[in-house]
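The values are calculated or read from the model by the stated rules, or taken from the named source; none is laboratory data. Only a predicted model underlies this, so the values are computations on that prediction, with no experimental measurement involved. When we count neighbours, we look across all protein chains shown, and the Cβ atoms used for this are built from the backbone with ideal geometry, even at glycine. Only protein heavy atoms, including side chains, enter the accessible area calculation; ligands, DNA and RNA are left aside. Shrake-Rupley method; radii C 1.70, N 1.55, O 1.52, S 1.80 Å.
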Amino acid sequence: MTPLSIKNHLKFGKPNTMKKAYLFAAACLTVLVAVASLEAQTESEDLILNTESVADRQTRMAWWKEARFGMFVHWGLYSSAEGEWGEKKFVRAAEWIQKNAKIPADVYEKTMRPKFKPSADFATQWAQLAKQAGAKYVVFTNKHHEGFALHDSAQTEFDAKDFTDRDLHQEIVTALRGQGLKVGVYHSLWDWHHPDAPAGKGAVNVPGLQMADRELPNYVDYLHAQVNEITDGRYGAVDVLWLDYSKPPFQGAAWQAKKLVDLVRTNQPNVLINNRLWKNTKEQREDSKQYWFGDFSTPEQHIPATGIEGVDWETCDTLNITWGWSKHATQYKSSTELIQRLIDAVSKGGNYLLNIGPRPDGSIDPKSVERFTAIGDWMKINGESIYGTQAGPFSRLPWGRASAKVLDDGSYRLYLHVFKWPKSGELFVPGLGSIPVKGQLLGGAAIGSPEISQARGGIQITGLPTAPIHDSSTVIALDFDKAPEVAPFRVYAATDGSFTLEPADASLKGAKYHDNEMFHRSNIDSWKAQSHARFPLQVETAGTYEVQIELATHRLKSKAEFVISVGDAQHSFKVGPTGGPKQWKTIDAGTLDFPAGPVEIQLACESIEDNSQVKVAKLTLRPVK
Ligand code: GLC
């Protein structure tokens, strides 16, 4: 393909005359910014020095850390495909349909154009649902990878204004502001419509056109110009700019990150920018103190086991494993699961950005409405345990999570989120070393001081109702004069004397922890000879315990050998194939004698076949009568 035909492809990206004035203004601005940032350009293109003071940064991040909960919206032309292209059906990532069904940009545009018919009040529906759910901000896709822009762009005719004669970006921003919500704009770094944009393997935008034949600088200019259009103030303030995504070699310098960030910060001095101008696999960069890699990190579809220390982060999550609407994605997380995931993220110091994928006309399907409404109902009673809170002081709690807040008078409020409510009306809080001055069930009664006592290296709360106030999580607020003492984490026995050890309870060497992404169980895998997991326990009753391990294997042909030990006592056992990575089986791993007191159990791998995996999901220890 010759460069000429590349340019011909721009016919569906040719600016109209009305837009030329805008183009000229944007070009002038680009020149200005380029001159202003010339000095900065002499530094390594890829790295932006961190020059902001801690105090300034805190001021800029304050509303976002107070907010804790936001709504993500994926909606564009892809929504009108509804997860279906001819015979092909897509349940996951339906917003990727152009690429996954291998559709060239011109065919995609022609097919989708007549289907795109936004209803009159779609934006109001989004804003109302976000508000009702207790979300404080909304991040919506201004342009996803397909390249279609919701704002009125002078750079292209592949935008909402040219398709519908409506500025949908404006409609959305107006609706969000109308509900007092902060405005976040998602903008894709990839573009499957622009002929000079990197399209990855398969080159969707122009089939057969290799990267070497593309003029990346043309696309980068286009990218910067479009980002300028959405941030230069014509749509008011932008609270979050959510860029997506980077993968070497297309990261940092390839996008001219420094110049882009300068442009955005000049346009919007208070904006928060996510981390995806650079490759996003590592949630924390070693050099992040010296260099700036975005204001917050963005784990996707999972909540990091112990949060991400020293870094602000936001888990973005789907209701049903697709971001964009697919009529084939029918399996949704339950409201309880979603409420608990929100709490889980917040209890580890993160934000939670929960997605809706509106239908072709922008309306929201009943299952999504039901779930956001349920979150809102829970938030009405329990919102104070989410907004403005920080990570709780516990690394693990057997029945739920905790968040905390320092109140205006300097006192400390601890929120216990009880997922599994004790029918006995007694709750043991392991490791808590201070007695609160007062307690309160959110949405329920006060807890008097006679009902709170020190016990077994923690505190015991009695006289609680025997049924929870809310099935997903009932919250107990405990007030202290100052931050309470909390002992390092240990697993305590259940009332029948047995211990359940979960993957997140372990400290690992060599082996790796995997989070509970949808349809996966949390587990420890990547075992090699000599790798181990250690679980800290608090044993009340010395004695013999039988050990059972729930696990699944992948590509294991014969056997892997493991050793389980407590102090000098140890016991080896073998693991055979379970039939596949999702075939969970419980195996007996023998018996062990435990002394009373703090004890550490070690599970170590002795030998394992190359390229095979053992996934450990749970250990159960039961006292032998
Ligand atoms: C991924 C996907 C994209 C989705 C995003 C949300 O990067 O490419 O489809 O918008 O994640 O985090």
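Against the condition open to solvent by 30 Å² or more (accessible area, probe 1.4 Å), free of Cβ contacts under 8 Å to residues at least 60 places away in the same chain and within 14 Å of the ligand (Cβ to nearest atom), how does GLU337 come out, does it pass?
In short, no.
Please enumerate the residues belonging to the stretch 418-427 that are within 33 Å of the chain's Cα centre (by Cα) and open to solvent by less than 30 Å² (accessible area, probe 1.4 Å).
VAL418, PRO422, LEU427
Given the conditions (1) over 30 Å from GLY400 (Cβ atoms); (2) more than 16 Å from the ligand (Cβ to nearest atom), which single one is not true for LYS279?
So the condition that LYS279 fails would be (2).
Kindly state which helices (runs of 4 or more DSSP H) lie completely within the stretch 90-169 and contain at least 2 residues that are within 16 Å of the ligand (Cβ to nearest atom) and assigned by TED's automatic domain parsing to the domain that holds ASP365.
Once the helices (runs of 4 or more DSSP H) in the stretch 90-169 are filtered for at least 2 residues that are within 16 Å of the ligand (Cβ to nearest atom) and assigned by TED's automatic domain parsing to the domain that holds ASP365, what remains is 97-100.
Can you tell me which residue among GLY362, GLY324 is outside any helix (DSSP H, G or I), away from the ligand (no atom under 16 Å from the Cβ) and open to solvent by less than 20 Å² (accessible area, probe 1.4 Å)? Spell out the reasoning first.
Details: GLY324 fails: away from the ligand (no atom under 16 Å from the Cβ).
It is GLY362.
Residue-by-condition table, conditions (1) of a type in the set (D, E, K, R); (2) without any contact (Cβ under 8 Å) to a residue 40 or more places away in the chain; (3) outside any strand (DSSP E or B); (4) in the same structural domain as TRP63 (by TED's automatic domain parsing):
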| site | (1), (2), (3), (4) |
| --- | --- |
| PRO198 | no, no, yes, yes |
| ASP221 | yes, no, yes, yes |
| VAL227 | no, no, yes, yes |
| LEU241 | no, no, no, yes |
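On the basis of being of a type in the set (S, T, N, Q) and open to solvent by 10 Å² or more (accessible area, probe 1.4 Å), does GLN301 make the cut?
Judged against the criteria, GLN301 is a match.
Given the criterion under 30 Å from ALA455 (Cβ atoms) and in contact with a helix residue (DSSP H, G or I) (Cβ under 9 Å, 6 or more places away or on another chain), identify the matching residue among ALA569, ALA533.
Among ALA569, ALA533, only ALA533 is under 30 Å from ALA455 (Cβ atoms) and in contact with a helix residue (DSSP H, G or I) (Cβ under 9 Å, 6 or more places away or on another chain).
Here are LEU181, LEU176, LEU216: which of them is of a type outside the set (Ser, Thr, Tyr), in the same structural domain as GLU95 (by TED's automatic domain parsing) and open to solvent by 10 Å² or more (accessible area, probe 1.4 Å)?
Just a single option satisfies the conditions, and that option is LEU216.
If VAL346 satisfies all but one of (1) of a type outside the set (D, E, K, R); (2) open to solvent by 20 Å² or more (accessible area, probe 1.4 Å); (3) modelled with pLDDT of 95 or more, what's the number of the condition it fails?
Of everything listed in (1) of a type outside the set (D, E, K, R); (2) open to solvent by 20 Å² or more (accessible area, probe 1.4 Å); (3) modelled with pLDDT of 95 or more, VAL346 misses just condition (2).
Considering every residue within the stretch 117-133, establish whether at least one is in contact with a Leu (Cβ under 7 Å, 6 or more places away or on another chain), under 24 Å from LEU189 (Cα atoms) and open to solvent by less than 10 Å² (accessible area, probe 1.4 Å).
Within the stretch 117-133 (the criterion being in contact with a Leu (Cβ under 7 Å, 6 or more places away or on another chain), under 24 Å from LEU189 (Cα atoms) and open to solvent by less than 10 Å² (accessible area, probe 1.4 Å)), the answer is no, since none of the residues qualifies.
If the requirement is being at pLDDT 95 or above, in a loop (DSSP other than H, G, I, E, B) and open to solvent by less than 70 Å² (accessible area, probe 1.4 Å), which of these qualifies: SER403, SER434? Explain how you work it out, then say what you get.
Values: SER403 fails: in a loop (DSSP other than H, G, I, E, B).
Exactly one of SER403, SER434 is at pLDDT 95 or above, in a loop (DSSP other than H, G, I, E, B) and open to solvent by less than 70 Å² (accessible area, probe 1.4 Å), namely SER434.
In the stretch 288-302, what residues are on the phi < 0 side of the Ramachandran plot and within 14 Å of the ligand (Cβ to nearest atom)?
Across the stretch 288-302, the qualifying residues are PHE296, SER297, THR298, PRO299, GLU300, HIS302.
Pick from ASP244, ASP221: which is acidic (Asp, Glu), within 16 Å of the ligand (Cβ to nearest atom) and modelled with pLDDT of 95 or more?
Numbers: ASP221 fails: within 16 Å of the ligand (Cβ to nearest atom).
The match here is ASP244.
From the list GLY580, GLY597, exactly one residue is of a type outside the set (A, V, I, L, M), at pLDDT below 95 and closer than 27 Å to ALA494 by Cα. Which is it?
Exactly one residue qualifies, and that residue is GLY597.
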